[in-house]
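Here's the structure, in structure tokens; my notes come after.
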Amino acid sequence: MIKDNISFGLGKAMVATTNNRGHDPEFWAEQTTNKICGISEQAAPHIKEQALAFRTAVYNVILTGMRSAIASDRVTVANKLQEIGHGDVAKFLKEL
């Protein structure tokens, strides 16, 4: 019989607040990038430099994708609003 030793930890908790708005795509791209790309403080300088460059590239890909997803969703919501007779609200939403 094989026994597995499994342990669970809570990990780190982070709180970030805003005033009268949600977090912007840059915030979420940074959070997502940090979950994907951890960089050791003990890494050799040349490795750390490459890891930081990779992290920047990942951040830019995620940010572009998030901005595209937000724009696409706004078009979808605006079109639905237009369909149900709220063209004024749809126009406002497209301008955001």
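The values are calculated or read from the model by the stated rules, or taken from the named source; none is laboratory data. Because the structure is a prediction, the values reported are computed rather than measured. Cβ sites come from the backbone with ideal geometry, for glycine too, and all protein chains shown count toward neighbours. Surface accessibility is based on the protein's heavy atoms, side chains included, excluding ligands, DNA and RNA. Shrake-Rupley method; radii C 1.70, N 1.55, O 1.52, S 1.80 Å.
General remarks:
- Annotation note: of Arg55, Arg67, the sole residue that is in contact with a Cys (Cβ under 6 Å, 6 or more places away or on another chain) and modelled with pLDDT of 95 or more is Arg55.
- Members of region 1-31 found to be modelled with pLDDT of 85 or more and open to solvent by less than 100 Å² (accessible area, probe 1.4 Å), listed by number: Ala16, Thr18, Gly22, His23, Asp24, Pro25, Glu26, Phe27, Ala29, Glu30, Gln31
- Selection count where residues are open to solvent by 90 Å² or more (accessible area, probe 1.4 Å) and in contact (Cβ under 8 Å) with a residue 24 or more places away in the chain, scope region 64-93: 1
- Scanning region 32-52 for residues that are open to solvent by 70 Å² or more (accessible area, probe 1.4 Å), in a helix (DSSP H, G or I) and of a type in the set (D, E, K, R) gives Lys35, Glu49.
- Failed item, numbered, when Arg55 is tested on (1) without any contact (Cβ under 8 Å) to a residue 24 or more places away in the chain; (2) open to solvent by 70 Å² or more (accessible area, probe 1.4 Å); (3) of a type in the set (Lys, Arg): (2)
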